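Heads up: the structure comes next, in structure tokens.
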Amino acid sequence: MKTENILLALEAKHPGEHEYLQAVKEVLHSIEDVYNQHPEFEKAGIIERLVEPDRIFTFKIPWVDDKGNVQVNLGYRVQFNNAIGPYKGGLRFHASVTPSSLKFLGFEQTFKNALTTLPMGGGKGGSDFSIRGKSNAEVMRFCQAFMLELWRHIGPDTDVPAGDIGVGAREIGYLYGMYRKLALENTGTLTGKGLDYGGSLIRPEATGFGGLYFVYQMLKTKGIDIKGKTVAISGFGNVAWGATLKATEMGAKVVTISGPDGYVYDPAGISGEKIDYMLELRNSGEDIVAPYAEKYGVEFFPGKRPWQQKVDIALPCAIQNELNEEDAKTLIDNGVTCVAEISNMGCTAEAVDLFIEKKVLFGPGKAVNAGGVATSGLEMTQNAMHLNWTEAEVDEKLHQIMKSIHEQCCIYGKQPDGYINYVKGANVAGFMKVARAMMAQGVV
Ligand code: 2IT
């Protein structure tokens, strides 16, 4: 078995890079059949070339904290694959950032971006810097020091970073300010920018909104209405916020959000000003959700994950591998209808296998959360055209893109019994586009 051999060689070459190997393994298993039907792919070494990033920049980021102490962090940009367009993908500032985690994210991004129908290659970057407990001035100095290295490697048609965990509107502003100064140009090389300097309407909401548009399509294949359904959401950052907003607007009831400290259960539903309060919580920089429980008099479960609640829909919106096999069992025992990853690789491989085995509607991150990067692509288009689209125009395009991603998943993922294996569908559709582009462009 060719793909199995490639995987073994990769494990030997990159021992201990668990997240990266997990992401590669899932894709290779999904594409095995189509790969065997295309001997020209094997001859051209498509998989061997696709699983390794084009290049990784690693740099040191020295900066001075408010007490005058020198701090040193590590920064990275993984330029994974630009066969179908400029490298595109977020920057993550989080203590868990390692080359392995960024390689997994860059690999996933390559397929995700291919699914969006827009011409974007895959990239990812970030730092082990954590914004937790940092002052605004410290965040600014860190962002400037980070960009002092990164700016050389990016550009509007080369590599276009955006936000991810720990990198929101504030950080993008500081990063972009320094980029603009160093590059002596203002062409919108970062996305997720503020509306006053080239940002796009709907970009902050896009990952969550797109996720719910995808969930809507998934439920539709079963004739299920989202109205009145209960939803468990993890996380409380930008992605969880957008997902809560749209789920509530669609008539569903979001009953949980979570943080590193535990989760809150709000049986009345998180709606109205409670959704606005999520932004306040995030901006406090403390990275805890317990204050929500105090403020609204609901139950807080310290150190626990929301998957223990009985819900119809589960939406991981925090970080990779945040839902494991045991959580999957609990959700299935409690009769869950649909699980969709809005975080990247939110579920462990064992959890994914179980959902598919039990024929639960399961949507993988690279399809479900692609609305974020797709709207970044729309921001790039607006910047290149030197104009701004209205909220309705951007939202309509986002809708169409999510519908198209869902269709692609159905084409490649529908099983003889009618069950849609979205993991296989997304992986094969994304792979075929990148593989065809690589084939056409020769061995480079
Ligand atoms: O994981 C992702 O798709 C993102 N963090 C968004 C990337 C982007 O370029 O908007």
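Here's a check for you: in region 122-146, which residue that is within 14 Å of Gly75 (Cα to Cα) and among the hydroxyl-bearing types (Ser, Thr, Tyr) is surrounded by the fewest Cβ atoms within 10 Å (Cβ to Cβ)?
Ranking the qualifying residues of region 122-146, first place goes to Ser130.
How many residues does region 162-188 hold that are among the aromatic types (Phe, Trp, Tyr) and within 13 Å of the ligand (Cβ to nearest atom)?
Number satisfying all stated conditions: 0.
Being in contact with a strand residue (DSSP E or B) (Cβ under 6 Å, 6 or more places away or on another chain), on the phi < 0 side of the Ramachandran plot and surrounded by fewer than 24 Cβ atoms within 10 Å (Cβ to Cβ): is that true of Leu323 here?
Working: in contact with a strand residue (DSSP E or B) (Cβ under 6 Å, 6 or more places away or on another chain): yes; on the phi < 0 side of the Ramachandran plot: yes; surrounded by fewer than 24 Cβ atoms within 10 Å (Cβ to Cβ): no.
Against the criterion (in contact with a strand residue (DSSP E or B) (Cβ under 6 Å, 6 or more places away or on another chain), on the phi < 0 side of the Ramachandran plot and surrounded by fewer than 24 Cβ atoms within 10 Å (Cβ to Cβ)), Leu323 does not qualify.
For Val264, all conditions in the list (1) among the hydrophobic types (A, V, I, L, M, F, W, C); (2) over 17 Å from Val368 (Cβ atoms); (3) touching a residue at least 40 places away in the same chain (Cβ under 8 Å) hold save one; what is the number of the exception?
With (1) among the hydrophobic types (A, V, I, L, M, F, W, C); (2) over 17 Å from Val368 (Cβ atoms); (3) touching a residue at least 40 places away in the same chain (Cβ under 8 Å) applied to Val264, the lone miss is (3).
Restricting attention to region 184-223, report how many residues are free of Cβ contacts under 8 Å to residues at least 60 places away in the same chain, in contact with a strand residue (DSSP E or B) (Cβ under 7 Å, 6 or more places away or on another chain) and among the polar types (S, T, N, Q).
So the answer is 1.
Out of (1) surrounded by 16 or more Cβ atoms within 10 Å (Cβ to Cβ); (2) among the basic types (Lys, Arg); (3) more than 13 Å from the ligand (Cβ to nearest atom), what's the single condition that is false for Arg55?
Failed condition: (1).
Please find, within region 326-350, the residue that is surrounded by the fewest Cβ atoms within 10 Å (Cβ to Cβ) out of those that are assigned to a loop (DSSP other than H, G, I, E, B) and not polar (S, T, N, Q).
Ranking the qualifying residues of region 326-350, first place goes to Gly335.
I'd like to check something: does region 29-39 contain any residue that is crowded, with 16+ Cβ neighbours inside 10 Å, within 16 Å of the ligand (Cβ to nearest atom) and either aliphatic (A, V, I, L, M) or more than 22 Å from Met147 (Cα to Cα) (or both)?
no
Note down all Cβ pairs under 6 Å where the first residue falls in region 136-165 and is under 24 Å from Gly372 (Cα atoms), the second is within 16 Å of the ligand (Cβ to nearest atom) and in a helix (DSSP H, G or I), and they're at least six residues apart or on different chains.
That search, which allows pairs on different chains as well, returns Cys143/Glu171; Cys143/Leu175; Met147/Leu175; Met147/Tyr179; Trp151/Tyr179; Ala162/Ser376; Gly163/Ile172.
For the condition of a type outside the set (Lys, Arg), within 16 Å of the ligand (Cβ to nearest atom), over 20 Å from Leu279 (Cα atoms) and surrounded by fewer than 22 Cβ atoms within 10 Å (Cβ to Cβ), what is the one hit in Pro99, Pro119? Break it down stepwise before answering.
Details: Pro99 fails: within 16 Å of the ligand (Cβ to nearest atom).
After applying the criteria, what remains is Pro119.
Would you say Phe104 is touching a Pro at 6+ places or on another chain (Cβ under 9 Å) and of a type outside the set (Gly, Ala, Ser)?
When the stated conditions are applied, Phe104 does not pass them.
Can we say Thr256 is polar (S, T, N, Q) and assigned to a strand (DSSP E or B)?
So Thr256 passes the test.
Within region 269-299, can you find the residues that are surrounded by 13 or more Cβ atoms within 10 Å (Cβ to Cβ) and not in a helix (DSSP H, G or I)?
Gly269, Ile270, Ser271, Gly285, Glu286, Asp287, Ile288, Val289, Val298
Please enumerate the residues belonging to region 189-200 that are under 16 Å from Leu378 (Cβ atoms) and either within 12 Å of the ligand (Cβ to nearest atom) or not in a loop (DSSP other than H, G, I, E, B) (or both).
Those that are under 16 Å from Leu378 (Cβ atoms) and either within 12 Å of the ligand (Cβ to nearest atom) or not in a loop (DSSP other than H, G, I, E, B) (or both): Thr189, Leu190, Thr191, Gly192, Lys193, Leu195, Gly199, Ser200.
What are the pairs, 6+ residues apart or on separate chains, where a residue within region 350-372 that is in contact (Cβ under 8 Å) with a residue 40 or more places away in the chain has its Cβ under 7 Å from a residue that is among the hydroxyl-bearing types (Ser, Thr, Tyr) and away from the ligand (no atom under 16 Å from the Cβ)?
Lys359/Tyr419; Leu361/Thr337; Phe362/Tyr422; Gly363/Tyr422; Pro364/Tyr422; Ala367/Tyr422
Considering only region 351-390, state which residues are of a type in the set (S, T, N, Q), away from the ligand (no atom under 11 Å from the Cβ) and in a helix (DSSP H, G or I).
Answer for region 351-390, where residues must be of a type in the set (S, T, N, Q), away from the ligand (no atom under 11 Å from the Cβ) and in a helix (DSSP H, G or I): Thr381, Gln382, Asn383.
Values quoted throughout were computed directly from the atomic coordinates according to the rules given, and no laboratory measurement underlies them. Just so it is clear, the model here is predicted, and its values are computed rather than measured. FYI the Cβ positions are ideal-geometry reconstructions off the backbone, even for glycines, and counts take in every protein chain you see.
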